[in-house]
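The structure appears right after this line, and notes come after that.
Just so you know, all these numbers are worked out from the coordinates, no wet-lab data involved. As the structure is a computational prediction, the values presented were derived from the model and not from experiment. FYI the Cβ positions are ideal-geometry reconstructions off the backbone, even for glycines, and counts take in every protein chain you see.
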Amino acid sequence: AMAAAAPRSFSAAEVRARCAEGACLVRCRRRLYDLSGFVRLHPGGEQLLRRRAGTDVSAALDGPPHRHSANARRWLEQYYVGEMEPGEEQVPRRLLRALRGCRGHPEPVDEKAVDAAAQTPKQMDPRCRTVDVEKDLVDWQKPLLWQVGYLGEKYDEWVHQPVDRPIRLFHSDFLESLSKTAWYVVFMVWAPVVLYLSWVSYTSLAQGNTRLFSSFTTEYSIPVHKYYFPFIFLLGMFLWSLLEYLIHRFVFHMKPPASNYYLITLHFLLHGQHHKSPFDSSRLVFPPVPASLVIGFFYGVLRLLLPEVLGLSVFVGGLCGYVIYDMMHYYLHYGSPKKGTYLYGLKAYHVKHHFEHQKSGFGISTRFWDRPFRTLIPEETFEKED
């Protein structure tokens, strides 16, 4: 067997030059990582990483404000590019302050911690057991869907160790294309449907023929006026938020029996592949073809439970809620919301669900339902040190 190539060495001058050109290189002691392709996706925001370019982030990984999970540390290892040359681990602070000043306000530096980190001998954090695609449990050169069922009891741990690489599910190019969707396709397909059905619902209610409980009694049935449509629409959106939570928790996060090849395969198709590769931009929204089957099912249920126009009004509100949810889900993975905003907190919350808290944090467009169902991801606390 061929010996593994020695890691490349980088001088402090080379790191400074690359950071000055816009690259985002950080280090953990002597190990150097190029995060240039990841900065936009960072849950803490791009500017936070940019301000740390060229510095040792060992202390920052342990927080505050955020203690990075084992999966986050494993994720970092994917961007490993080499080692700092011996004796050059410490990039001059004056230059780093100047670099950070170019990109925003200088960030306070704990100089004692930096000195201690620089003097610590080279070692890899034991939590950084990276996913080696060459020696992984599956063959990444082949479609994964028909392989994962054979992982058995190893599947649950494997699927929750995320990687930054695209996934191929099917041998067939046609089926593979149906499993991928650009984010804007969802809006282009379903937004016109929402607008059209909203108009149909409103004009139907305006005829004044819709009454609630008319199938049980005519004397005490309640007329549904056209002015009620916005409230019925909002009710549909509210019900969707509950359905979003229930599907995500009980369907997408079911734990398939280790002995059941087909349930493991189904789980990976529905949601496991998203947890394995959470930043695959082509698989962050629900493809319209399978979505139409699920949407048609729920429309049929509402038609059975409610008068025709009333059921349609609730349905179109729910459909609007679904479109908003899918757009938000894409943004929570690929957007860079401003720090302190609702979406900034929601992005951090959702990424914690992916990397550390897979058994909680099931709300995506809202955390509302995580509270009554007691699956809210707890806030991190840090003890004060003397």
* Asked: Hey, got a sec? Which trypsin sites (Lys or Arg not before Pro) in segment 1-67 land in a DSSP loop and have at most 11 other Cβ atoms within 10 Å?
  -> 8
* Amide H to amide H under 5 Å from residue 367: which residues, 5+ apart in sequence or cross-chain, H placed 1.01 Å off N in plane? -> none
* Asked: What are the ³J(HN,Hα) values, in whole Hz, obtained from phi via the Karplus relation 6.51 cos²θ - 1.76 cosθ + 1.60 with θ = phi - 60°, for each residue of segment 32-49 in sequence order, with x given for Gly and Pro?
  -> 10, 10, 9, 9, 4, x, 10, 4, 5, 8, 4, x, x, x, 5, 5, 4, 5
* Structure fact -> Over all pairs of different Cα atoms in segment 173-370, the reciprocal of the mean inverse distance gives a Kirkwood radius in Å of 18.6
* **Integer Hz, Karplus 6.51/-1.76/1.60 couplings in order for segment 249-258, x for Gly and Pro** => 6, 9, 9, 5, 10, 5, 9, x, x, 4
* Structure fact -> With +1 on the Cβ of every Lys and Arg and -1 on the Cβ of every Asp and Glu, the dipole magnitude of segment 280-386 about its Cα centre, in debye rounded to the nearest 20, is 260
* Structure fact -> Checked segment 9-84 with the C-alpha gyration tensor, a ≥ b ≥ c its square-rooted eigenvalues, rounded below a/c of 1.5, otherwise prolate if a/b is larger than b/c and oblate if not; verdict prolate
* Built amide H within the under 5 Å cut-off of residue 9, gap 5+ -> 83
* To do: At 0.36 nm per residue, minus the direct Cα-Cα distance, what do residue 175 and residue 251 gain on full extension? Give it in nm, one decimal, please.
  => 25.1 nm
* **Residues whose placed amide H lies under 5 Å from that of residue 377, excluding near-sequence neighbours** => 361
* When the Karplus curve 6.51 cos²θ - 1.76 cosθ + 1.60 is applied with θ = phi - 60°, which whole-Hz ³J(HN,Hα) does each residue of segment 158-175 get, with x for Gly and Pro? -> 4, 5, 9, 10, x, 10, 9, 7, x, 10, 9, 9, 10, 5, 6, 5, 5, 5
* Structure fact -> Among beta bridges assigned by DSSP with both residues in segment 9-84, the antiparallel ones amount in percent, to the nearest 5, to 70
* Dipole size in debye (nearest 20) for segment 9-84 around its Cα centre, Lys and Arg Cβ +1, Asp and Glu Cβ -1? -> 160
* Structure fact -> Highest mean packing first, using Cβ neighbours within 10 angstrom, the peptides 271-280, 174-183 sort as 271-280, 174-183
* Along Cα→Cβ, 7 Å out, is where each label goes; now give me the distance between the ones at residue 135 and residue 34 in nm to one decimal. => 2.4
